[in-house]
Amino acid sequence: MSLLLEPHHDGSPLYLPDDRPTPDGTVTVRMRTHVDDPVTAAWVRTTYDAEPVFHECRREATDPDDTTGTVWWSAELPVHNPVTHYRFLLADGPAAGDDGAVTAPAQRWLTAAGIVEHDGPDAFDFTVSWHEPAPDWGRDGVVYQVFPDRFARSAQADERPTPAWALPAAWDDEVVFELDDPRTAVQLYGGDLDGVVEHLDHVAEVGATILYTTPVFPGESNHRYNASTFDGVDPLLGGDEAYARLSAAVHERGWRILGDLTTNHTGDTHEWFLDAVADPESDRRTWYHFAPDGSYECWMGWQSLPKLNHADDGVRRAMVAGPDSVVARWLRPPFDVDGWRIDVANMTGRLGAIDVNHAVAHDVRRTVAEGLPDGLVIGEHNHDASGDLDGAGWHGTMNYSGFAWPVWSWLRDPASPARAFGRPVPVPRRSGPSAQQALREWLARFGWRATSQSWNVLGSHDSARIRTVTGDPALHRVAAGLQFTLPGVPMVFAGDEIGLEGIAGEDSRRPMPWHRPETWDRATLTTYSALAAARAEHVALRRGSLRWAHVDDDCLMYLREHPAGSVLVCVRRAPGPAVDLPADLVSLGEPLVSTEADPVGPHASDHPGLTVWRV
């Protein structure tokens, strides 16, 4: 059976018309099957206070104008718990034999990970939540990430003295990136915030609508994740006035700006930590994890990053909870951030037997909502974030596990020098079915809403660059096609759009070559711009369902369907034959984006590429 003929449900408007149910209300859930499917009856199974309950589905009247053979089923689902889990039970064939004896019909479960024919755990159930979703701008936008020290220098940067801790670097100097090299964190190129303002037209050309910068707090490093205070902007970046200018310029374009806050730790020169070290009787002593001998817990063994103790109410109030917290103050003038990307969100509030991570996430979300009702909160998590996306904390995550790693494994050049993210061996090259299974399982585990609100990352300042992973401009553009057309919010790390390279996180922080435009990969920039424009124009690419149409070793094809219109996406990592699709299900219109010379349909191709068609 074609993949398009399989039973299907997800959290998009075609299947869940109301994704904002009221507490203890009900929502309509819809499932599609095909007329040739043997299902004769269906139920939606939910858990009412952890007890399984079944609700019978009704078969909807057939639309006489529908020639696809689609059969729709629907049921009313009680939303009794803040996050309600559900799946569909499909019964195939009659419940009684020819002799009248009652027999058990063949049964299947439709879960968020697909059809299964055994009674599996609830881990892959569909979910619906009564918590407020992310703001529309956070779900529908395109994020552009800037690492300020390496993005651009304004003329004012030349007037600032280099601090004693820093090693000055010219814009074309090679980046020092080995973690055991003492120069790595202190090599300072001198990019600043006015330099970002001067290049916002380029950000617009990429198609981004959300500017996210890594930290702007003072810190004795080029990355500034070791903040010495949260009360102002680093003078090396231009100070508070420069951030105010950047925020105003971003908002004048109708865009949004996100800050980057490390809730897990401060720097060892932070005023809170210096007070805690100097005075064992200080109220701030318990804001950190000190041992009796004066040693302290820190992030991953780095003594310059002492870990905060969020089991202490004082640090929670100072950092994340209430109108006087760091989280709240930066939402107000002169900074006016529209929300936060929370660094090391997965480790915040966790240490051995201590785990107040969810309480911290809820504090951040509540504080942002009280100060800015349409604020956004994204948590960094480079592993399994599913247990932390409960709907009341982080709206979503930087989706490494559920997006970046499956894409890397499918498109990786076996000879690439790109280093795996914390893995002792290189990322393996895997088949299309393997990549699709990973994408499908992670979407199921996160849930539709959390996935669609999370960031589709191909890399960041912490990982290898996608160009180095693929080793091929054409495959890089295929990766971008996946980034902009699968559920999730595209996050572009500045420089990806012009083909910058990097074998590891630190190496990926190479300065933007503004003065060497001849080195830019213009074809890739054009592809990013076209993909962003298509995503902005077609709601199906932002909110539409995901139905897989064809998967083989070298080709992935899927439909994004929405009541306002649908699109078909085909991406290939290698030459391949034509793909046969059910003609009554897919009638292709004009291509929206293509790297093909003659994009007339999913025909045979002699090279890697991507095409997005209107359906």
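The values are calculated or read from the model by the stated rules, or taken from the named source; none is laboratory data. Because the structure is a prediction, the values reported are computed rather than measured. Neighbour counts are summed over all protein chains in view; Cβ atoms, including those assigned to glycine, are modelled from backbone coordinates with ideal geometry.
Odds and ends about this structure:
- Hits in the stretch 301-327 - residues which are free of Cβ contacts under 8 Å to residues at least 60 places away in the same chain and in contact with a Cys (Cβ under 8 Å, 6 or more places away or on another chain): P306, K307
- Residue in the stretch 278-287 that is touching a strand residue (DSSP E or B) at 6+ places or on another chain (Cβ under 9 Å) and not in a loop (DSSP other than H, G, I, E, B) present: yes
For every residue, the table says whether it meets (1) basic (K, R); (2) over 30 Å from E241 (Cα atoms).
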residue: A276; (1), (2): no, yes
residue: E281; (1), (2): no, yes
residue: W299; (1), (2): no, yes
residue: A318; (1), (2): no, no
residue: W330; (1), (2): no, no
residue: D338; (1), (2): no, no
residue: R341; (1), (2): yes, no
residue: N357; (1), (2): no, yes
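- Residue satisfying all of: in the stretch 142-160; farther than 25 Å from E506 by Cβ and in contact with a helix residue (DSSP H, G or I) (Cβ under 9 Å, 6 or more places away or on another chain); surrounded by the fewest Cβ atoms within 10 Å (Cβ to Cβ) among these: A155
- The stretch 464-515, residues that are closer than 25 Å to H607 by Cα and polar (S, T, N, Q): T468, T470, Q483, T485
- Within the stretch 34-70, if we keep just the residues that are in contact (Cβ under 8 Å) with a residue 60 or more places away in the chain, assigned to a loop (DSSP other than H, G, I, E, B) and hydroxyl-bearing (S, T, Y), the residue that is nearest to P7 (Cα to Cα) turns out to be T68.
- Boolean, G191 is assigned by TED's automatic domain parsing to the domain that holds R245 and closer than 30 Å to A540 by Cα: no
- Whichever residue in the stretch 230-289 is among the hydroxyl-bearing types (S, T, Y) and surrounded by fewer than 16 Cβ atoms within 10 Å (Cβ to Cβ) and, among such residues, is farthest from the chain's Cα centre (by Cα): S282
- Against the conditions (1) surrounded by 16 or more Cβ atoms within 10 Å (Cβ to Cβ); (2) part of a helix (DSSP H, G or I), A208 satisfies every one except (2).
- Residue in the stretch 372-382 that is surrounded by the fewest Cβ atoms within 10 Å (Cβ to Cβ), counting only those that are in contact with a helix residue (DSSP H, G or I) (Cβ under 6 Å, 6 or more places away or on another chain) and part of a loop (DSSP other than H, G, I, E, B): N382
- Members of the stretch 226-249 that are out of contact with any Phe, Trp or Tyr (no Cβ under 9 Å at 6 or more places or on another chain) and closer than 15 Å to W340 by Cβ: none
- Considering the conditions (1) surrounded by fewer than 18 Cβ atoms within 10 Å (Cβ to Cβ); (2) in contact with a Pro (Cβ under 8 Å, 6 or more places away or on another chain), V128 is excluded by exactly one of them, (1).
- Test set (1) surrounded by fewer than 17 Cβ atoms within 10 Å (Cβ to Cβ); (2) part of a loop (DSSP other than H, G, I, E, B); (3) at pLDDT 90 or above; (4) not aliphatic (A, V, I, L, M) - P94 fails condition number: (3)
- Residue within the stretch 289-310 that is more than 20 Å from D355 (Cβ to Cβ) and assigned to a strand (DSSP E or B) present: no
- Flag if T214 is at pLDDT 95 or above and either in contact with a Pro (Cβ under 7 Å, 6 or more places away or on another chain) or assigned by TED's automatic domain parsing to the domain that holds F335 (or both): yes
Residues are listed down the side, and each one gets a yes or a no for (1) of a type in the set (G, A, S); (2) closer than 23 Å to V128 by Cα; (3) free of Cβ contacts under 8 Å to residues at least 60 places away in the same chain; (4) surrounded by 15 or more Cβ atoms within 10 Å (Cβ to Cβ):
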{"residue": "T28", "(1), (2), (3), (4)": "no, yes, yes, no"}
{"residue": "R32", "(1), (2), (3), (4)": "no, yes, yes, yes"}
{"residue": "W72", "(1), (2), (3), (4)": "no, yes, yes, yes"}
{"residue": "V83", "(1), (2), (3), (4)": "no, yes, no, yes"}
{"residue": "G114", "(1), (2), (3), (4)": "yes, yes, no, yes"}
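- Of all residues in the stretch 332-348, those satisfying the criterion of being in a loop (DSSP other than H, G, I, E, B) and either within 22 Å of the chain's Cα centre (by Cα) or crowded, with 24+ Cβ neighbours inside 10 Å (or both) are V337, D338, V344, A345, N346, M347, T348.
- The stretch 119-130 residues that are under 12 Å from Y86 (Cβ atoms), paired with ones that are basic (K, R) (beta carbon under 6 Å, 6 or more apart): D125/R87
- Options A170, A166: the member that is of a type in the set (G, A, S) and free of Cβ contacts under 8 Å to residues at least 24 places away in the same chain: A170
- Residue match in the stretch 466-474 (condition: part of a helix (DSSP H, G or I) and closer than 30 Å to D122 by Cβ): no
- Matching entry among D201, D194 (being among the acidic types (D, E), assigned to a helix (DSSP H, G or I) and buried (at least 19 other Cβ atoms within 10 Å of the Cβ)): D194
Results for (1) farther than 22 Å from P13 by Cβ; (2) out of contact with any strand residue (DSSP E or B) (no Cβ under 7 Å at 6 or more places or on another chain); (3) polar (S, T, N, Q); (4) crowded, with 20+ Cβ neighbours inside 10 Å, shown as yes or no for each residue.
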{"residue": "W514", "(1), (2), (3), (4)": "yes, yes, no, no"}
{"residue": "W520", "(1), (2), (3), (4)": "yes, yes, no, no"}
{"residue": "A536", "(1), (2), (3), (4)": "no, yes, no, no"}
{"residue": "V539", "(1), (2), (3), (4)": "no, yes, no, no"}
{"residue": "A549", "(1), (2), (3), (4)": "no, no, no, yes"}
{"residue": "D553", "(1), (2), (3), (4)": "yes, yes, no, no"}
{"residue": "Y558", "(1), (2), (3), (4)": "no, no, no, yes"}
{"residue": "V569", "(1), (2), (3), (4)": "no, no, no, yes"}
{"residue": "P575", "(1), (2), (3), (4)": "yes, no, no, no"}
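- Selection of helices (runs of 4 or more DSSP H) fully inside the stretch 394-463 by the criterion of at least 2 residues being modelled with pLDDT of 95 or more and more than 24 Å from V143 (Cα to Cα) returns 432-446.
- Residues that are surrounded by 24 or more Cβ atoms within 10 Å (Cβ to Cβ) and of a type in the set (S, T, Y), drawn from the stretch 433-459: T451, S452, S454
- Qualifying position, being in contact with a Lys or Arg (Cβ under 9 Å, 6 or more places away or on another chain) and at positive phi, among G190, G138: G190
Rundown of residues vs (1) over 19 Å from R547 (Cα atoms); (2) at pLDDT 95 or above; (3) surrounded by fewer than 16 Cβ atoms within 10 Å (Cβ to Cβ), yes/no style:
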| position | (1), (2), (3) |
| --- | --- |
| M1 | no, no, yes |
| D24 | yes, no, yes |
| A42 | yes, yes, no |
| T46 | yes, yes, no |
| R87 | no, yes, no |
| V102 | yes, no, yes |
